[in-house]
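Colleague: I have a structure here, written as structure tokens, and I will follow up with some questions on it.
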């Protein structure tokens, strides 16, 4: 890969996290083009340097451009950065694969597990595109999009089986406010990212029911334990789950009012139905979709995950709030 020109990244899509990472990349000196589904979002990014759908109050770097054309976005891209709902990854990626260059590194920002297959995003990417696992990276950590858009300090882990590719992407997204670290534990990073959403739902529910900070601390601690059990059973290194992509992400997602999953849980804890909470939250809440898929993985690997089990039953099997909390207490 040439170092004579700045790296080029195509970010798919223009949601809140995709926009935040596009801004990080542009601030790091990487040439960035965002693929937006809606023409009006692409036009707004190009003409007024704002994303009216998510951060209408934040000015985006002028070097950051947008398009609705996947081929144009991926033209000569060093990185394809994917930030779409995990459940729609397979279908979308199938359509985009013909435009992916032979050396493009694919970076997943996704924190969900596919229903039915139980696959992590990195596995779906290699399956659909046919690229080698060494060309797939994962970015994960305590990264609340709103804080990053405001330029507040954050850090994350870039995990890739190819250490050199991880280091290159680390360089492409390193800014004064965003510090990336590298790892080769893709499995641990992905499972930490997916699991923390389910635990955040539990913490949100407890908060909505007024159960207090002790209960939240218990759920976070026991949630980390069950996350680590599953991740290690699937080949991850336990230290990864004690790091930014595990504990770091878990704490941010479970404790911040900016967290969608915690907010969704909070709605449930205050008595809203799953449908009402979905309407109130408005954005993709990966934990809601992934809880059942993660539980299926736990069963397949013989791992006990009591918190995940209760959340899945609450979301998918009509277990009442009181029954769920009695089990967790």
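Since every read-out is calculated from the coordinates, none of them should be taken as a lab result. All values reported here derive from a predicted model rather than from experimental measurement. Every residue, glycine as well, gets a Cβ built from its backbone with ideal geometry; the counts of neighbours run over all protein chains shown.
Colleague: Using 7 Å Cα-to-Cβ label points, what is the residue 213/residue 164 separation (nm, one decimal)?
Modeller: 4.9 nm
Colleague: Oh, and also: Scattering from the C-alpha atoms of the stretch 8-184 alone, worked out with Debye: what is log10 I(q)/I(0) at q = 0.19, 0.20 1/Å?
Modeller: -1.31, -1.46
Colleague: Same structure, new question: If the chain between residue 91 and residue 275 were fully stretched, how many nm would it gain, using 0.36 nm times the residue separation less the Cα-Cα distance? Don't skip to the end; give the middle numbers.
Modeller: Values: separation 184, 0.36 × 184 = 66.24 nm, distance 2.47 nm.
So the chain would gain 63.8 nm between residue 91 and residue 275.
Colleague: So for the chain: antiparallel DSSP bridges make up what percent, rounded to the nearest 5? Numbers along the way, then the final one.
Modeller: Numbers: 6 of 31 bridges.
Here the share of antiparallel DSSP bridges comes out near 20 percent.
Colleague: Same structure again: Find the centroid of the Cα atoms in the stretch 11-53 and in the stretch 276-318, then give the distance between the two in whole Å.
Modeller: A separation of 30 Å, based on Cα centres.
Colleague: Would you mind putting 97-103, 217-223, 20-26, 38-44 in packing order, based on average other-beta-carbon counts within 10 Å, highest first? Intermediate values should be presented prior to the final figure.
Modeller: On the way: 97-103: 13.4, 217-223: 18.1, 20-26: 26.9, 38-44: 16.1.
By packing density, highest mean first, the sequence is 20-26, 217-223, 38-44, 97-103.
Colleague: Next up: Can you tell me how much longer the chain between residue 300 and residue 239 gets when fully stretched, taken as 0.36 nm per residue apart minus their C-alpha distance, in nm with one decimal? Please report the intermediate quantities before stating the final value.
Modeller: Working: separation 61, 0.36 × 61 = 21.96 nm, distance 2.30 nm.
Taking residue 300 through residue 239 to full extension adds about 19.7 nm, to one decimal.
Colleague: A follow-up question, please. Could you state, as a whole-number percent, how many of the C-alpha pairs of the chain are farther apart than 26 Å? Please report the intermediate quantities before stating the final value.
Modeller: Working: 23905 of 53956 pairs.
Looking at the chain, the distances longer than 26 Å represent 44 percent of pairs.
Colleague: Express the Stokes-Einstein translational diffusion coefficient of the stretch 282-329 in µm² s⁻¹, to the nearest whole number, given a Kirkwood radius over alpha-carbon pairs, 25 °C and a viscosity of 0.890 mPa s.
Modeller: Working: Rh = 11.2 Å.
Taking Rh from Cα pairs, D becomes 218 µm²/s.
Colleague: Continuing with the same structure: When the chain is fully extended, how far beyond the present Cα-Cα distance does residue 283 get from residue 39, taking 0.36 nm per residue of separation?
Modeller: Details: separation 244, 0.36 × 244 = 87.84 nm, distance 1.95 nm.
85.9 nm is the gain from fully extending residue 283 to residue 39.
Colleague: While we're looking at this one, here's another question. Taking the highest mean first, how do the peptides 278-284, 206-212 order by number of other beta carbon atoms within 10 angstrom per residue?
Modeller: Numbers: 278-284: 14.3, 206-212: 17.9.
In decreasing order of mean packing, 278-284, 206-212 become 206-212, 278-284.
Colleague: Using only the alpha-carbon atoms, what does the stretch 154-312 span along each of its principal axes? Please give whole angstrom values in decreasing order.
Modeller: For the stretch 154-312, the Cα spread along each principal axis is 49, 39, 28 Å.
Colleague: So what is the 222 nm mean residue ellipticity for the chain from helices alone, if each DSSP H run of at least 4 adds -39500 (n - 2.57) and you divide by all residues, rounding to the nearest 500 deg cm²/dmol?
Modeller: Details: 16 runs with 165 residues, N = 329.
Estimated from H runs of four or more residues: -15000 deg cm²/dmol.
Colleague: Another one. Give me the Kirkwood hydrodynamic radius of the stretch 205-279, using the inverse of the mean 1/r over all pairs of distinct Cα atoms, in Å to one decimal.
Modeller: 13.3 Å
Colleague: Then there is this: For the stretch 2-78, just the Cα set please: Rg and Dmax, both in angstrom.
Modeller: My reading of the Cα-based Rg and Dmax gives 11.4, 36 Å.
Colleague: So if R0 is 41 Å, what FRET efficiency would residue 181 and residue 327 give, r being the distance between their Cβ atoms, rounded to the nearest 0.05?
Modeller: On the way: r = 37 Å, r/R0 = 0.89.
Plugging the Cβ-Cβ distance into 1/(1 + (r/R0)^6) gives 0.65.
Colleague: Roughly what would the spin-label model give for residue 57 and residue 319, points 7 Å off Cα along C-beta, in nm?
Modeller: Between residue 57 and residue 319, the label points sit 3.9 nm apart.
Colleague: Evaluate Rg over Rh across the stretch 130-230, taking Cα atoms for both radii and Kirkwood's formula for Rh. Could the numbers behind the result be given before it?
Modeller: On the way: Rg = 16.1 Å, Rh = 15.2 Å.
Value, to two decimals: 1.06.
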